[in-house]
Amino acid sequence: MTPESISSPVKATIRTLYAHGGRRACTGTLHEFSGEMTVVRLEGRFGTTPALHLSCFQPQRLFEPRIVDMVAGELEIHGMERTADGSWVAQAWRLRLGE
């Protein structure tokens, strides 16, 4: 799937809150990634899918993102993530923009 960018890149820092579909007990800086975030649209077999794409050392992509909480300058966004083995799992990001 080749992404079609539908937004300008923005500096962002994310912290992944889930591991393999389950909530992490501790979310330290080990699970934090910084880079340029864009909203993309991906063409698939069943139509287009929106996703957040973070370009960094280890690229991160969150499919079907939904904002569920806003606290102290951070957004909590839930969605789906594709794992290395090809399965889909739940994922949540704690997102700070402009850092």
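May I ask you to give the percent of accessible area on segment 29-99 that is carbon plus sulfur, with a probe radius of 1.4 Å?
C and S fraction of accessible area: 56 percent.
Students often get this wrong, so try it: which of [x] 28; [y] 44; [z] 54 is percent of Cα pairs over 21 Å apart as calculated from the structure shown?
Calculated percent of Cα pairs over 21 Å apart: the matching label is [x].
To the nearest 10 Å², what's SER7's accessible area with a 1.4 Å probe?
Roughly 40 Å² of SER7 is accessible to a 1.4 Å probe.
The values are calculated or read from the model by the stated rules, or taken from the named source; none is laboratory data. No experiment lies behind these values; they were computed from the predicted model shown. For accessibility, only protein heavy atoms count, side chains too; no ligands or nucleic acids. Shrake-Rupley method; radii C 1.70, N 1.55, O 1.52, S 1.80 Å.
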